[in-house]
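Report on the following structure.
The values are calculated or read from the model by the stated rules, or taken from the named source; none is laboratory data. Bear in mind the structure is a predicted one, so any value in this text is a computation, not a measurement. Glycine gets a Cβ as well: all are built from the backbone with ideal geometry, and neighbour counts include every protein chain shown. Keep in mind that these areas ignore ligands, DNA and RNA; they rest on the heavy atoms of the full protein, side chains included. Shrake-Rupley method; radii C 1.70, N 1.55, O 1.52, S 1.80 Å.
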Amino acid sequence: MDMPDIRVILVRPQHPGNIGACARAMKNMGLRHLVLVAPQRFPDDEATARAAGADDILTHAQIVADVRAAVAECVYVVATSARERSIAWPRLGPREAASVLCEQAAGGPVGLLFGAERTGLTNEEVDFAQALVQIPVDPAFPSLNLAAAVQILCYEIRCAYTGAAVPPSAHVPAPGEAINRFLAHLEQTLIAIGFLDERHPRKLMRRLTRLFRRANPDVNEVLILRGILSAIDKPQPPRRDDSDPPNT
Ligand code: SAH
């Protein structure tokens, strides 16, 4: 069975052994596309040893410099986190996340982000995702080993995909990079019109990022939003005010 294009993205993984164990966990569940964001040590014999036969996944792993590049083609992204965050991203349980990922994969590649062993994902990295998934664990000891977290989510994805046929969605979301460019444009326009103060940005752009990721617009909707921004950016031509009462 051909599994959907769900990309497992490991962000700054520190231990090559974990990279290998993640590849193994993926291959067991039928997932193939591994993306490594700035791995500390890779390729590495320890990674190959721990992959235990899943070394083809390592050979074909895509290596990129940052999360933005990792998710540029993705139409939907879920981030994982062991800890609570001060900003409330939309939350999914692992089962729910797996079924949403399978559903969204009908529209293009989707991504599942995992953080580094010691530090996890930064808030800026989570900003690239539409939702956050936390595997329920004992709150007194919430942090799973990276490959164990990958295993649980890949298993849920397999169950979601093989268990219930997921009807293809009619909605084709825009790729992440189109949203990134829209958000950059939005920020510039908000600065230009004096709504966003660069010296005191607070959390405005993060909140707007979350709003638009959650809305998950399609390509046409992004074009409309960009068109609105361009219209705001353009100096307004002097306009005759038709609402004035006619001169009598
Ligand atoms: N000390 C880090 C933990 C990193 S564990 C922190 O506080 O964020 C490495 C990665 O494994 C995490 O970034 C996440 O991707 C995944 N992970 C670990 N425990 C998890 C959990 N309970 N739920 C979801 N992902 C988890």
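Mean-square fluctuations from a GNM of the chain, with a 10 angstrom spring cutoff on Cα atoms, peak among V137, V219, V77 at V137. Where both bridge residues fall in the chain, DSSP classifies roughly 10% of the beta bridges as antiparallel.
You can think of it this way: the chain between V219 and T59 has 54.3 nm of extra reach, that is 0.36 nm per residue less the Cα-Cα gap. Counting every C-alpha pair in the range 82-230, the share spaced more than 28 angstrom apart comes to 29%. Ordered from highest to lowest accessible area with the whole protein assembly present and a 1.4 Å probe, Y155, Y161 read as Y155, Y161. Please build a GNM for the chain, connecting alpha carbons under 10 Å apart, and tell me which residue among I63, I193, I179 fluctuates the most. Judging by the Gaussian network model, the answer is I193.
Computed with a 1.4 Å probe on the full set of protein chains, the accessible area for I191 sits at about 40 Å². Each label was represented as a point 7 Å from its Cα along the Cα-to-Cβ direction; for S230 and L208 these points are 1.8 nm apart. Only protein atoms count toward the accessible area here, which uses a 1.4 Å probe; on the chain, the carbon and sulfur part of that area reaches 54 percent. Of all the options E198, E96, E125, the one that moves most in a Gaussian network model of the chain with Cα springs shorter than 10 angstrom is E198. When +1 charges are put on Lys and Arg Cβ atoms and -1 charges on Asp and Glu Cβ atoms, the dipole computed for the chain relative to its Cα centre reaches about 420 debye. Every helix of 4 or more DSSP H residues in the chain counts as -39500 (n - 2.57), and over all residues that averages to -13000 deg cm²/dmol at 222 nm. Of all the Cα-Cα pairs you can form in the range 42-83, what percent are over 18 Å apart? Tail of the P(r) past 18 Å holds 50 percent of the pairs. In this structure L31 has an accessible area near 0 Å², from a 1.4 Å probe over the protein heavy atoms.
Under Stokes-Einstein, with the Kirkwood radius over Cα pairs as Rh, the value for the range 53-109 at 10 °C and 1.306 mPa s is 115 µm²/s. Distance between the modelled labels on A192 and A49, one decimal in nanometres: 5.7 nm (7 Å Cα→Cβ projection).
Binning the C-alpha pair distances of the range 6-163 at 5 Å intervals from 0 yields a P(r) profile of 2, 10, 21, 24, 23, 14, 6, 1, 0 %, listed from the shortest bin outward. Each Lys or Arg adds one and each Asp or Glu takes one away; over the other residues whose Cβ falls under 15 Å from the Cβ of G115, this sums to -2. To the nearest ten degrees, helix 176-192 and the longest principal axis of the Cα atoms of the chain are 40 degrees apart. The mean accessible area for residues of the chain, using a 1.4 Å probe and ignoring ligands and nucleic acids, is 54 Å² per residue. Enumerate by residue number the trypsin sites (Lys or Arg not before Pro) in the range 88-118 meeting two conditions: DSSP loop (anything except H, G, I, E, B), and at most 14 other Cβ atoms within 10 Å of the site's Cβ. Hits after loop and neighbour filter: R118.
Accessible area per residue (1.4 Å probe, heavy atoms of protein chains only) ranks F141, F195 as F141, F195, with the largest value leading.
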